[in-house]
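> Pasting in a structure now, in structure tokens, and then I'll have a few things to ask.
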């Protein structure tokens, strides 16, 4: 088990920096931004592939001056910087990421598409379908004196409401059909069983239409929760939602550029696909394709690509309240086209 | 063009901090272990350069 990387110092005030590897995506923004080169990005691809067991980054405790810039620049909340036990994210002097990911409960129909695609399993859905018996009304009657347990009704029933019961009849465990059960909670009173029964043993009357004014509207009840602590604002939920109920604000705005002078090695390499925290990369026709709508421009792919084929061009970052001029200068290095 | 392994920098796999990471990361089967050394099958190398980038000893390169 790897110990959590942490730096702590007590002088006029107590300062501590803690790396939370479970939230880290290995993008290396922290090591890019660190003014004292105290953060080394580990072998991200081997880690992502499970070939080595290490934290994504390594903090050099002797070099770190505990300025907190890395913690402010990390869009994934993977570095926690505290001054006198207070997280700088809560201190008014420090920068704030304006990130948001939410699912509007009013427009959500609980289809669950977002749950399936979320790369971080950050969405929880609980759904209750209406009981069929409240909306389909009728009467059924099976005359067991007439029934020969042939099983035709069971086979044709589209609602799986009929079961022919097999019971032991002697000591050799020989089974024989000698019972029939109709589950009224499943029956939709379609009448197919009655029509197929060779013995006229089934009576089914559908009274749904007769009572239609008294039957309530079908309603799907549900609950959807997006765990912002796990969310990395990739935008998958927003892209997949058929009801436009999900909205995501990403950390950066900009674009991915595939360099024209270098060649993507596609299926032989797929490093970009393996390190992408957003599942935004696919290898199509032996070439890497990155879906910008699902990408957070973290740059993990760009660093993992041995060909330097992927360039990140961040045009804007949604980090506000940068009050220090020197911090502003440092942070602005994250903007612009990444160098090869 | 296939990669070149600097045997001096590489050393024996048992001493590699990545425990033969290049062999594990190469999906072309171009690198394998023979008597504790890393051996390259030139014909299988696909020039993806993953071994160059990930070798902890900087022992893999190209001309």
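All of the numbers you see were taken from the coordinates with simple rules; none came from a lab. A quick note: this is a predicted structure, and the numbers were derived from the prediction, not measured. A quick note on method: Cβ atoms are made from the backbone with ideal geometry, for glycine too, and the neighbour counts reach across all protein chains shown.
> Take every DSSP beta bridge with both residues inside the protein assembly as shown and express the antiparallel ones as a percent of the total, to the nearest 5.
Rounded to the nearest five, the antiparallel share is 100 percent.
> With chain A treated as a Gaussian network of Cα nodes joined by springs under 10 Å, which of A:69, A:192, A:125 yields the largest mean-square fluctuation?
Between A:69, A:192, A:125, it is A:192 that shows the largest mean-square fluctuation.
> Please state, as a whole number in µm²/s, the translational diffusion coefficient that the Stokes-Einstein equation yields for region B:4-61 at 10 °C and 1.306 mPa s, with Rh defined as the Kirkwood radius across alpha carbon pairs.
144 µm²/s
> In peptide A:45-56, what is the residue-averaged number of other protein chain Cβ atoms found within 10 Å of each Cβ?
That average works out to 3.
> Run lengths n ≥ 4 of DSSP H only: what is the helix-derived mean residue ellipticity at 222 nm for chain A, with -39500 (n - 2.57) per run over all residues, to the nearest 500?
Calculated from helices alone, the mean residue ellipticity at 222 nm is -3000 deg cm²/dmol.
> Have a look at A:239, A:106, A:315 and tell me which one the Gaussian network model of chain A (Cα, springs below 10 Å) gives the largest fluctuation.
A:106
> How shielded is A:263-276 by partner chains, expressed as the average number of their Cβ atoms within 10 Å of its Cβ atoms?
Averaged over the peptide's residues, the number is 3.
> I would also like to ask the following. Fewest first, what order do A:62, A:32 take by the number of other Cβ atoms within 10 Å?
A:62, A:32
> Could you work out Rg/(2.2 N^0.38 Å) for the protein assembly as shown, with Rg from alpha carbons only?
1.45
> Going by C-beta contacts inside 10 Å, put A:72, A:282, A:31, A:332 in order with the fewest on the left.
A:332, A:282, A:31, A:72
> Inverting the mean 1/r over all pairs of different Cα atoms, compute the Kirkwood radius of region A:132-206 and quote it in Å.
Taking every pair of different Cα atoms in region A:132-206, averaging 1/r and inverting gives 12.9 Å.
> Moving to a separate point now. If I model region A:1-86 as equal point scatterers sitting on the Cα atoms and use the Debye formula, what is log10 I(q)/I(0) at q = 0.15, 0.20 Å⁻¹?
-0.51, -0.88
> Which one of A:275, A:248, A:284 has the biggest mean-square fluctuation once chain A is modelled by GNM with Cα springs under 10 Å?
Looking only at A:275, A:248, A:284, the largest GNM fluctuation is found for A:284.
> Counting only other chains, what is the mean number of Cβ atoms within 10 angstrom of the Cβ of each residue in peptide B:46-59?
Neighbouring Cβ atoms belonging to other protein chains average 5 per residue here.
> If the viscosity is 0.890 mPa s and the temperature 25 °C, what Stokes-Einstein diffusion coefficient in µm²/s follows for region A:202-340 when Rh is the Kirkwood radius over Cα pairs?
Answer, rounded: 131 µm²/s.
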